[in-house]
Amino acid sequence: MEELISIIIPVFKVEKYIRRCVDSIIKQSYKNIEIILVNDGSPDKCGEICDQYANEDKRVKVLHKKNGGLSEARNSGIEVATGKYVTFIDSDDWIHESYLNTLYSLIINHNGDISVCNLIEVINYHKDKMIENEKVNVYSNLEAIEQLTGSNYSQMVVACGKLYRKSLFDNINFPVNKIHEDEYTTYKLFYAAYKIVVTNSELYYYFQREGSITKSEFNIRNRIDAFEAVFNRAIFMEEIGLKNASSYTYRMSFWIYREIYNKSNKREKLDYTWFFKKEMQRLKRKIRRSDEKLLYKFFCELYFNNPNMSELMLKGVRKLKITMKL
């Protein structure tokens, strides 16, 4: 018998899109589901729409709560979920009709704890299309974490587009009051899992709308969250012995730090002096102790001491088309 799957959908200011999302879930070929709509204090008609679905389909549960953000909404959904497996869908996205059946079959057929499908970014309308030549990869927990340094980073790092054994969340929560909550969390779930199964089939439709967090302009607070999430992941990788992956991720941390410093204005630099001083020292220690190339270390040291001079150096290097790994 098919196990119960809990589908958690945080809902906030998506009156225009929520029906498309929920309808795609109701139409799933996999029927043994509970749909948990977490109305995160949405000020529009989302709450009413959620209640309408609950009245029409007994599989739909609605949780109305005060606004607390995406992480808190997901955590609240996990608390009330009764399925053996759980998946997360953002309320402006939608899924292929075989999304749940495919991800469930991957877990059952390979004795996995997490299954992962591919995501496709959608601007307007997208016609569902299955990939004819499906490729499936099976990873251990460490191998899955290493995928966070590769070309399929976007597919692996987001919380959506995955089916999880619910017990993985017994000791793992999404961080409240943080942006980039997936960056803080996914690698921990991979590590807690025994086996992760990944398909290249595009079953999750990731809607790119104006005003979304991922499309918003530079925000120093959001980028600091991104830095913290990536830097913490690098430390974690180092601690579990993934040396190459940790080195790559420390480099990611440096480039995010550089972006934050370069794009912040004078007032922001003053208000966030604590961040720049603290993280500069932490990055310095990690880079100095690393096995990185001397040229990279030199550039980082120069940047920390004289950002303007280092940027001139970088422009000169690129102008001369000198190949170096920075």
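Brief remarks on what is shown
- Counting 0.36 nm for each residue step from residue 170 to residue 293 and taking away their Cα separation leaves a gain of 40.2 nm.
- For segment 150-245, the equivalent ellipsoid derived from the alpha-carbon gyration tensor has semi-axes of 22, 19, 14 Å in decreasing order.
- Cα-based radius of gyration of the chain once divided by 2.2 N^0.38 Å, which approximates compact folds: 1.08
- Residue by residue, segment 105-114 carries 3J(HN,Hα) couplings of 4, 4, 5, 5, 5, 10, 6, x, 10, 9 Hz when phi is fed to the Karplus relation 6.51 cos²θ - 1.76 cosθ + 1.60 (θ = phi - 60°); x denotes Gly or Pro.
- The length gained on full extension between residue 267 and residue 58, counted as 0.36 nm times the residue separation minus their Cα-Cα distance, comes to 69.9 nm.
- Pairwise Cα distances in segment 204-283 exceed 16 Å in 57 percent of cases.
- Whole-Hz couplings from phi, Karplus 6.51/-1.76/1.60, listed for segment 46-58; x for Gly and Pro: 4, x, 5, 4, 4, 5, 4, 5, 5, 6, 8, 9, 5
- Cross-link table 31/162; 195/263; 263/284; 162/278, entries beyond 29 Å C-alpha to C-alpha: 195/263; 162/278
Values quoted throughout were computed directly from the atomic coordinates according to the rules given, and no laboratory measurement underlies them. Values in this document were obtained by computation on a predicted structure and should not be read as measured data.
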